[in-house]
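Step one of this worksheet: look at the structure below.
The values are calculated or read from the model by the stated rules, or taken from the named source; none is laboratory data. From a predicted model like this one, the values you see are computed outputs, not experimental measurements. Cβ placement follows ideal geometry from the backbone for every residue including glycine, while neighbour counts extend to all protein chains displayed. Side chains are part of the model used for accessible areas, which takes the heavy atoms of the whole protein and leaves out ligands, DNA and RNA. Shrake-Rupley method; radii C 1.70, N 1.55, O 1.52, S 1.80 Å.
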Amino acid sequence: GQNIDQPTEMTATEGAIVQINCTYQTSGFNGLFWYQQHAGEAPTFLSYNVLDGLEEKGRFSSFLSRSKGYSYLLLKELQMKDSASYLCAVRDRRNAGNNRKLIWGLGTSLAVNP
Amino acid sequence: DGGITQSPKYLFRKEGQNVTLSCEQNLNHDAMYWYRQDPGQGLRLIYYSQIVNDFQKGDIAEGYSVSREKKESFPLTVTSAQKNPTAFYLCASSSQSLGTGPKSSYEQYFGPGTRLTVT
């Protein structure tokens with residue numbers, strides 16, 4: 001079947017580095033997304049990985065290992081405004097020909113403390 | 001500025017009434033989606049549309065209906081048949097273009113959401 005696992009909650013300190021893991025199971029992997037969602041707001045796109053390796057975007061980086069069904073989002077120099085939920089989503093090419101349907105994880109709620 | 005709008009932000013209805021949530025985008029995206037988000041449940045797909053005049057059921061379509069008469073608009077009707085309609089509803093859109101190959105992400109852009117409360 002299709003399944004995505006990520007930790008429910010994490011806590012970190014301002015200025016530190018935090019790694020949020022995501023593991024997935026799908027037979028038709030076609031890309032992995034990370035989104036950030038502040039409480040009561042819409043998710044916003046952070047990163048996309050379809051090939052193995054690290055993608056860096058400023059303070060945020062995302063890593064993918066397709067053979068292990070594993071990704072992580074790395075946040076550096078944490079700021080208070082990084083307190084949010086981080087959603088992992090996988091695109092599965094088996095979804096009825098619609099290449100844009102995603103399978104969503106439940107999200108990791110990150111609290112950044114001063 | 002291009003983006004997705006949803007209105008209203010908060011909506012209150014009495015049980016037994018149908019209610020329509022609006023979603024408009026000016027990103028020229030072909031694909032549009034409706035999700036609901038409940039605490040502890042993550043995002044669940046209600047309906048999606050890849051092109052005008054076509055839409056498909058998502059994972060939890062029962063009690064909902066949609067239309068896609070214009071590329072820019074994808075309204076969602078929450079009918080009285082929906083047993084637990086109180087939720088946060090999110091509309092999204094994504095590009096249908098082929099892009100530049102495997103690294104094309106076609107990421108979904110979300111509207112600000114509508115929080116529906118039915119009592």
Which of the residues belonging to region A:25-49 are open to solvent by 20 Å² or more (accessible area, probe 1.4 Å), in contact (Cβ under 8 Å) with a residue 40 or more places away in the chain and either in contact with a His (Cβ under 9 Å, 6 or more places away or on another chain) or more than 10 Å from chain B (Cβ to nearest Cβ) (or both)? A:Gln25, A:Thr26, A:Ser27, A:Phe29, A:Gln36, A:His38, A:Ala39
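What about B:Gly40, is it within 18 Å of A:Ala89 (Cα to Cα) and open to solvent by 20 Å² or more (accessible area, probe 1.4 Å)?
yes
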Which residues, counting only those in region B:62-83, are under 19 Å from B:Gly113 (Cβ atoms), within 12 Å of the chain's Cα centre (by Cα) and free of Cβ contacts under 8 Å to residues at least 40 places away in the same chain? B:Tyr64, B:Val66
Do the conditions hold for B:Thr86, that is, is it touching a Phe, Trp or Tyr at 6+ places or on another chain (Cβ under 8 Å) and over 21 Å from A:Leu102 (Cα atoms)? no
Which ones in region B:48-72 are under 14 Å from B:Arg36 (Cβ atoms) and open to solvent by 80 Å² or more (accessible area, probe 1.4 Å)? B:Lys57, B:Asp59, B:Glu62
Within region B:61-80, can one find any residue that is at pLDDT 95 or above, closer than 30 Å to A:Leu54 by Cβ and either within 11 Å of chain A (Cβ to nearest Cβ) or not in a loop (DSSP other than H, G, I, E, B) (or both)? no
Scanning region B:19-32 residue by residue, those under 20 Å from B:Gly58 (Cα atoms) and part of a loop (DSSP other than H, G, I, E, B) turn out to be B:His29, B:Asp30
Please pick out the residue among B:Asn18, B:Asn53 that is out of contact with any strand residue (DSSP E or B) (no Cβ under 7 Å at 6 or more places or on another chain) and of a type in the set (S, T, N, Q). B:Asn53
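B:Arg68: charged (D, E, K, R) and either farther than 30 Å from A:Ile4 by Cβ or in contact with a helix residue (DSSP H, G or I) (Cβ under 8 Å, 6 or more places away or on another chain) (or both), yes or no? Lay out the reasoning, then the answer.
On the way: charged (D, E, K, R): yes; either farther than 30 Å from A:Ile4 by Cβ or in contact with a helix residue (DSSP H, G or I) (Cβ under 8 Å, 6 or more places away or on another chain) (or both): no.
Here the answer is no, as B:Arg68 does not meet what is asked.
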